[in-house]
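The structure appears below as structure tokens.
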Amino acid sequence: MSSIRAQFEHPTGWLGSVVGMLMSIKNRERSEWVLSQLAVAPGDRVLEIGFGPGMDIARTAAGGASVVGIDHSEVMLRQAFRRNADAIRAGRVDLRRGAMPTSRLPARRSTRRIRSTRTSSGRTSSARW
């Protein structure tokens, strides 16, 4: 049981792929609520840390925002790349593998505005700048 639980923190292998699919189903309602609280508009830039299977990235990019995301799981990166292939090719989505705080993300020096929403576990889900 603990190995399955660990997959939700750092998905790996075939079990991690299954966990990613489960996350995309299980977290949908909460993810939609988070995005509604952020009120992301076309042209906004969104940073997604720990993007998982990439569902929020797909929803955000579909609304016209540009998204930069980072996740430490190679399995989640592959799922998110497949799910967001068109937006990546169009330059609206930039996904990278890495873990905070050592990873470098493209960002502007001046911040126009930042909004974040915390999930029920207390983690920040998204921010825009």
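To keep it simple, each residue is scored yes or no on (1) among the charged types (D, E, K, R); (2) farther than 19 Å from R28 by Cβ; (3) crowded, with 16+ Cβ neighbours inside 10 Å; (4) at pLDDT below 85.
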| position | (1), (2), (3), (4) |
| --- | --- |
| A62 | no, no, no, no |
| S66 | no, yes, yes, no |
| D71 | yes, no, yes, no |
| M76 | no, no, yes, no |
| A90 | no, yes, no, no |
| T119 | no, no, no, yes |
### Query
Does any residue in segment 31-55 that is on the phi < 0 side of the Ramachandran plot and among the aromatic types (F, W, Y) come within less than 8 Å, Cβ to Cβ, of a residue that is in a helix (DSSP H, G or I) and surrounded by 13 or more Cβ atoms within 10 Å (Cβ to Cβ) six or more places away or on a different chain, and which pairs are these?
F51/I57; F51/M76; F51/A80
#### Entry: Hits in segment 4-23 - residues which are among the small types (G, A, S) and modelled with pLDDT of 75 or more
S17
### Query
Is segment 98-107 home to any residue that is in a loop (DSSP other than H, G, I, E, B), in contact with a Phe, Trp or Tyr (Cβ under 8 Å, 6 or more places away or on another chain) and either surrounded by fewer than 14 Cβ atoms within 10 Å (Cβ to Cβ) or modelled with pLDDT under 85 (or both)?
yes
### Task
Would you mention how many residues in segment 42-52 are more than 11 Å from G69 (Cβ to Cβ) and either surrounded by 19 or more Cβ atoms within 10 Å (Cβ to Cβ) or modelled with pLDDT under 90 (or both)?
1
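The values are calculated or read from the model by the stated rules, or taken from the named source; none is laboratory data. The structure presented is a predicted model; accordingly, all values stated were derived computationally and were not measured. Virtual Cβ from ideal backbone geometry, glycine too; neighbours counted across all protein chains shown.
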